[in-house]
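Following: one structure in structure tokens, then a few remarks.
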Amino acid sequence: MLLTEPIRTLPSLLLPLTGVLFLGGFSSGSFGWAAFGLVGSVLYAVVRWATFTYQVIGGRLELTRALIGRSVRTIPLERIRGVDVSSPPLHRLLGLAVLRIDTGAGGSKQEGELDGVTLVEAERLKAALLWHARARAARRAGARGTVAAHGDGPPGAAVTVPAGPLPGTPESAGPSPATAVPPVRHRSGETLPERVLFVVPRRWLAYGPLSGSYLLTPFAFVAGAAGLAFQWGSELRIDGRIVVGAGEWLWGHPLLLGGALVVLVLAMPVLGAAMYAVFNWDFTLRARDGYLVAERGLLTRRSVSLERRRVRGFELVEGLAERWAGVARAWAIVTGLGDSGTRGQLLSVIPRRAALDVVREAVGPILTGLRPHPPVARRRRLFRAVFPWLVAAACAAVAARSWPPLWWAVAAALVLAVLGVPLGLDRYRSLGHTHEGGRLSVRSGSLRRSQVVIEERAVVGWTLRQTWFQRRAGVLTVVAGVGAGSGGYAAIDVGEAQGVAFAAEVTPAWLAPFTEDAPFTEDAPPS
């Protein structure tokens, strides 16, 4: 930690220290102040290491820091929703890891962090915290024998929770962050065996750029380099006009500019695949002690644990290019999970058939036979995809009377309006919803088509929403409120009676007071 902490803070110190050297004219005094800054960062790391301790005691994890004032953070074990283990490059070289604890308090920041424990210690702590969290939560619920939970088998499998004191809980730990926790064992024997659900083959990493965001990697590098140039210019007294002049010179040589753009476009799939591989190398999904464990990463190896009994469903996402290639991604919908967009990922980009097989085994099968939405929803999808570009073309045509080069903008807007027709039709074909076997599903989107399958018990409320245009068209949007994932999933532009019937089918008692006395009529107002 005395090495990793200063190196981690070095990028934030680099510009100030360089500024000190330039302002001081590289004199001995400026070098002295720069050295003082480096020594200060090392001393700060020493103080942080020496004043931090942790211990597992009395059913809780205590993190203590006594730098100037004493701070004690207490995390009850039964509140722990997940434990993540990551190893940045420098940590991996030193055999260290960062252990983060998530209690489902919301937001993207975990409740507790242990930075600098050994890899062995991190895995032992992870096993201890997760097992004790599950066992104590079960005991608090009144279980003393066999309780129903999601184990490593199918949903509903039984997990035995021993009565009496929990094994392997140390009443105290030493002052060092390397304090050891004894291996956790069940009363009836060893911990439950681990089962590998899926390992993404490395050749499938080539599908990564199809997700879209990774294709912009070359342009992100160029934008980052330009930003650094302007930032370094202000710090190193480089006139910003030099950078602007370089851009103007490049703009004045269209052939060179066009060649650079061609190189960037050709580099998009290559650099996109490389960046995707860095983040998703050896993506592995395991079932271990009632948890789904997803591990991935080349430079920074990360392990995320999702408690299976808190999984309420999944989301299958397919971009336009991914649908063309027959691949998809999957996320778990988990209650009490912070940063679910990152931590809830079950699968990276893999063939859709394989994704459905893995999700079926880990969470449950996807629902098919979605109910279509009324034809007026198709007209609304077409209108929303075409009309804005027609307005843009009309505005550009008016402006082009004064500035003729804008006729290119008129042509581009008309082309986009024409392309909006198949886009709108595809958006309508993607709409659908259904309810079957204690689960419901909604689907929408075209450029990013998403189908969500959630358990009926996960629904905590309904929102029936109508805009003025929807009231005119006789449709509405039904949002199922869920205490997991994004918090709500919508069936867009369903018929009025159809939408109310869908909500009443899932939770009939909730809507009975509203539908029995004043039911929605089947007659829709004219569109």
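What the table below lists for this structure:
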| quantity | calculated |
| --- | --- |
| Helices (runs of 4 or more DSSP H) wholly inside the stretch 325-438 that include at least 1 residues being open to solvent by less than 70 Å² (accessible area, probe 1.4 Å) and more than 23 Å from VAL459 (Cα to Cα) | 352-362, 375-400, 407-430 |
| Filtered residue count, the stretch 469-527, keeping only those that are modelled with pLDDT under 80, small (Gly, Ala, Ser) and surrounded by fewer than 15 Cβ atoms within 10 Å (Cβ to Cβ) | 3 |
| Options VAL304, VAL293, VAL270, VAL262; residue that is within 30 Å of SER86 (Cα to Cα), open to solvent by 60 Å² or more (accessible area, probe 1.4 Å) and either assigned to a strand (DSSP E or B) or of a type in the set (Val, Ile, Thr) (or both) | VAL270 |
| Flag if GLU322 is in a helix (DSSP H, G or I), touching a residue at least 60 places away in the same chain (Cβ under 8 Å) and acidic (Asp, Glu) | yes |
| Members of the stretch 43-55 found to be in contact with an Asp or Glu (Cβ under 8 Å, 6 or more places away or on another chain) and either of a type in the set (A, V, I, L, M, F, W, C) or more than 15 Å from GLU113 (Cβ to Cβ) (or both), listed by number | TYR44, ALA45, TRP49, GLN55 |
| From the options PRO89, PRO16, PRO11, residue that is under 30 Å from SER340 (Cβ atoms), at pLDDT below 75, out of contact with any Cys (no Cβ under 9 Å at 6 or more places or on another chain) and open to solvent by 30 Å² or more (accessible area, probe 1.4 Å) | PRO11 |
| Output for the stretch 117-144, where each listed residue is at pLDDT 85 or above and not in a helix (DSSP H, G or I) | VAL117, THR118 |
| Filtered residue count, the stretch 459-483, keeping only those that are farther than 20 Å from THR335 by Cα and not in a strand (DSSP E or B) | 9 |
| Matching option when the condition is basic (Lys, Arg) and closer than 25 Å to GLU318 by Cα, among ARG471, ARG443 | ARG443 |
| The stretch 19-50: number of residues that are of a type outside the set (A, V, I, L, M, F, W, C), open to solvent by 80 Å² or more (accessible area, probe 1.4 Å) and either at pLDDT 70 or above or touching a helix residue (DSSP H, G or I) at 6+ places or on another chain (Cβ under 9 Å) (or both) | 1 |
| Residue that is surrounded by the fewest Cβ atoms within 10 Å (Cβ to Cβ) [pool: residues in the stretch 51-77 that are of a type in the set (D, E, K, R) and farther than 18 Å from GLU5 by Cβ] | ARG70 |
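The values are calculated or read from the model by the stated rules, or taken from the named source; none is laboratory data. This one's a predicted model, so the numbers in the text were calculated from it and none came from an experiment. Here Cβ is always computed from backbone atoms with ideal geometry, including for glycine, and neighbour counts include all displayed protein chains. Only protein heavy atoms, including side chains, enter the accessible area calculation; ligands, DNA and RNA are left aside. Shrake-Rupley method; radii C 1.70, N 1.55, O 1.52, S 1.80 Å.
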